[in-house]
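The structure appears right after this line, and notes come after that.
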Amino acid sequence: MLRITADTKKESFRKALILATSSVLNTSWLRKLAPFSIGYASGWMQIRGNKRRRAADVGFALSDHADWNGLNTAIEATGAT
């Protein structure tokens, strides 16, 4: 797992899956990651039109209340870096 800071080289996270809260949308931090696609994971993605309203490239119908440790375990199981 890599923590992205101001000193992190862009090559370190190219083609990476970056998990962040929606509070990073429209911030200078997010713009530094360009080019990127935004995926939105929420139970609200089951409702038609929410992906468009959130301006997301893709929506995943996933509970916002998922167990954080369980979610990280699932990500690690994929072998993603």
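Points to keep in mind about this one:
- For chymotrypsin sites (Phe, Trp or Tyr not before Pro), the sites in the stretch 1-68 that DSSP calls loop and that have at most 15 other Cβ atoms within 10 Å are 13, 36.
- Per residue solvent-accessible surface (Å²) - the chain, probe of 1.4 Å: 85 Å²
- Solvent-accessible area assigned to carbon and sulfur over the chain amounts to 54 percent, based on a 1.4 Å probe.
- For the chain, a/c is not less than 1.5, where a ≥ b ≥ c are the root eigenvalues of the C-alpha gyration tensor, and a/b does not top b/c. That puts it in the oblate class.
- The residues 24, 58, sorted by heavy-atom accessible surface at 1.4 Å with ligands and nucleic acids left out, run 58, 24 from largest to smallest.
- Relative contact order (%) - the stretch 1-62, alpha-carbon pairs under 8 angstrom, separation at least six: 26 percent
- Value of [θ]222 nm, deg cm²/dmol, for the chain, DSSP H segments ≥ 4, -39500 (n - 2.57) each, nearest 500: -5000 deg cm²/dmol
The values are calculated or read from the model by the stated rules, or taken from the named source; none is laboratory data. Keep in mind that this is a model prediction, so the values were computed, not measured. Ideal geometry is used to build each Cβ from the backbone, glycine not excepted, and the neighbour counts take in all protein chains shown. Remember, those area values only see protein heavy atoms, side chains included, never the ligands or the DNA or RNA. Shrake-Rupley method; radii C 1.70, N 1.55, O 1.52, S 1.80 Å.
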